[in-house]
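Got a structure here, written out as structure tokens. Questions coming.
The values are calculated or read from the model by the stated rules, or taken from the named source; none is laboratory data. This structure is a prediction, so every number in the text was calculated from the model and none was measured. Because the Cβ atoms are built from the backbone with ideal geometry, glycine has one as well, and the counts that use them run over all protein chains shown. In case anyone asks, the SASA skips ligands and DNA or RNA and just uses the protein heavy atoms, side chains included. Shrake-Rupley method; radii C 1.70, N 1.55, O 1.52, S 1.80 Å.
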Amino acid sequence: MTATERPLGKRTDVDEAFRGSATYRSLGEQELSPAEERFEKARRTTGLFLAPVVTAVVAFLPIDLPRDQHLLAAVLLGVIVLWITEPVPIPVGGLIGVGAIVVLGVVPADDALAPFGSPTIFTFIGAFILAMAMLKHGLARRFAMFVLSLKWVGASTYRVVIAFGAITALLSAFVSNTATVAMLLPTALGILAVIAKLLQDKELVKPDFDPLRLRVGAALMLMLAYGASVGGLITPVGTPPNLIGRGLIEEATGERIGFLDWMLMALPICALMFVALAAVLLLLNKPEIRRIEGVSEYVQQERRELGRFSRAEKNTLIAFGATVFCWIFPGIIAITSGTESDLYTTISDRMDEGIVAVLGASLLFLLPTDWQAREFTLNWSDAAKIDWGTIILFGTGIIFGSLLASTGLAEEIGQTSAKTLGLSSTFAITIFAVILAIIISETTSNTASAAVVVPIIIPVAMAAGINPFVPALAATFAASFGFMLPVSTPQNAIAYGSGVVPITKMIRSGISFDVLGAILIVLLLPVMVDLVLGSVG
């Protein structure tokens, strides 16, 4: 029942309004209006028929391309239709595309499936297992409560919103963006309920107000969703597009971006992005009240319930800390001994990030919580619950990205685009890269966006006779954008699924941050590349 449907003057039961909203509800578990249901059925049904039609039409068009490039383009366009319309789950759409590539003879099966053995895949398997442990044993939640317990945070609605964004960004640098937002959502709704009761008690809202439509609630939820995307850019492992882009850049230019180098380049940009994000959300969704009471008590109660560190939490902290240290260690060696030293070469080769990730995750199955009962920090049933669909999608995204390059289709697209658009400078191509990546990421997965756009941008730059490093890295960063729609990222879907964020507010806030983020990438990334990596950019 909405606020307009309640009898006038009836006092809203805030606890009842939030009950059932404090956990993540997938879009399929929500009740759709008749109009929304009609739209979803039409979208998915259309995709079911449109995807094969698009593939067939493009395949039979008289295009002057080699057969393998022509068929790859046809299949890829069909897969993009599947990703946008979702008649089948997005990972399944990718698998259908890979199967079609092999059946149509674009490449042999061994060549098509080779990217599934990439160290990048193992990096995310390990990272997802570590994230599972942090969520299961409450370590991430404990960290969030610690930050919120700081005196600076709890006294202001503005500070609560900013603090939640900072927590999300920091966790998302190492933990799945989706998992981080899902984990913090119940706490955010708990804080919002306290604020709603305060507004009610001070008679700052109507008796029959709808607590799910507060501006502060929209700001808080959107900060969670968007903060995760910003934080995911801080490290190479923060989000799949980072690893895809980094791998393609290394393959094209021979320049490897180390873990520490990436952080040094990304951190200042992400910090300014976060400031811009906070300004946009708090201006467009101005909280109804500035000063709040009761939040600190809520946080303290939550921390008391968490109690002392459990053995499982300590084990998880050991595994997580060891993994992060090993990820950063080659960068430390590079600073002290140089990237040309034998020590750095040996360390960086042997401490591959994928291997480090799976070894760190393996610690969770070796560190006991009860040795007598032979119980360990995680068991395989826990690991089996990680998002294997994302890993499959990630693998298929790499496949299409690598085939675009190996068949020469990406180069053909790049050369044609360069001639058509007249792109002739690093600045112009960087702008083109950022805009293209953002547009695609609004309607497809960020992983798919990076896998498609980066291989296009590299030959565009090469055709213009410039180093593709900066434009390709800019496209990699921009691929993680997508803030306008619930379908743009899983984080957006979680925020929208809370029932607190109207679609109109998401679109208005999202498009504003898309524009500001694009400007920051275009202006700041070349500067940071030059400062950190010298003449590479």
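When only alpha-carbon atoms are used, what values of Rg and Dmax, in angstrom, describe the range 360-513?
Over the range 360-513's Cα set, Rg and Dmax evaluate to 20.6, 70 Å.
For the residue pair ALA109 and LEU366, what label-to-label distance in nm results when each label sits 7 Å from Cα along the Cα-to-beta-carbon direction?
3.6 nm
Take the alpha carbon gyration tensor of the range 354-416, find the square roots of its eigenvalues, order them as a ≥ b ≥ c, and report rounded if a/c is under 1.5; if not, report prolate when a/b exceeds b/c, else oblate.
In terms of gyration-tensor shape, prolate.
Okay, next question. For SER156, which sequence-distant residues (separation of 5 or more, or a different chain) have an amide H within less than 5 Å of its own amide H, given hydrogens modelled in the peptide plane?
ILE292
Can I ask one more? Would you mind classifying the range 230-338 by shape? Square roots of the alpha carbon gyration tensor eigenvalues, ordered a ≥ b ≥ c; an a/c under 1.5 is rounded, otherwise it is prolate if a/b is larger than b/c and oblate if not.
Oblate, since a/c reaches 1.5 and b/c is not below a/b.
If you count only protein heavy atoms with a 1.4 Å probe, what accessible area per residue comes out for the range 38-91, rounded to a whole Å²?
With the other protein chains kept in place, the range 38-91 gives 57 Å² per residue.
Please turn the phi angles of the range 66-81 into ³J(HN,Hα) values with the Karplus equation 6.51 cos²θ - 1.76 cosθ + 1.60 (θ = phi - 60°), one per residue in order, whole Hz, x for glycine and proline.
Listing the rounded values in order: x, 4, 5, 5, 4, 5, 4, 4, 5, 5, 4, 5, x, 5, 4, 4 Hz.
Have a look at VAL280, ALA219, PRO241 and report the one farthest towards the positive end of the charge dipole of the range 218-320, computed about the Cα centre with Cβ charges (Lys/Arg +1, Asp/Glu -1).
ALA219
Still on this model: For the range 32-115, taking Cα atoms only, what is the radius of gyration to one decimal and the Dmax to the nearest whole Å?
When restricted to Cα atoms, the range 32-115 yields Rg and Dmax of 14.7, 48 Å.
Return the sequence-ordered ³J(HN,Hα) values of the range 116-122 in whole Hz as given by the Karplus equation 6.51 cos²θ - 1.76 cosθ + 1.60 applied to θ = phi - 60°, using x for Gly and Pro.
5, x, 5, x, 4, 4, 5
Would you kindly calculate the translational diffusion coefficient of the range 463-511, applying Stokes-Einstein with the Kirkwood radius from alpha carbon pairs, for 4 °C and a viscosity of 1.567 mPa s, and quote it in µm² s⁻¹ without decimals?
This corresponds to a translational diffusion coefficient of 104 µm²/s.
Working out 0.36 nm times the residue gap between LYS286 and ASP530, then minus their Cα-Cα distance, what length gain in nm do you get to one decimal?
Full-extension gain reported as 84.0 nm.
Something else now. Considering only Cα-Cα distances, which of the following residue pairs are longer than 23 Å: LYS286/LYS505; LYS136/LYS385; LYS136/LYS314; LYS151/LYS314; LYS197/LYS286; LYS41/LYS385?
Pairs exceeding the cut-off: LYS151/LYS314; LYS41/LYS385.
Now for a separate question. How would you rank 372-383, 74-85, highest first, on the average number of other Cβ atoms within 10 Å across their residues?
74-85, 372-383
Which three lengths, in whole Å and largest first, does the range 430-500 cover when its Cα atoms are put on their principal axes?
Largest first, the range 430-500 extends 50, 16, 14 Å along its Cα principal axes.
Report the extension gain between VAL53 and LEU523 in nm, rounded to one decimal, defined as 0.36 nm multiplied by the number of residues separating them, less their alpha carbon distance.
165.1 nm
Summarise the accessible area of the range 360-485 (1.4 Å probe, protein heavy atoms) by the percent that is carbon and sulfur.
Looking at the range 360-485 in its full context, I get 63 percent from C and S.
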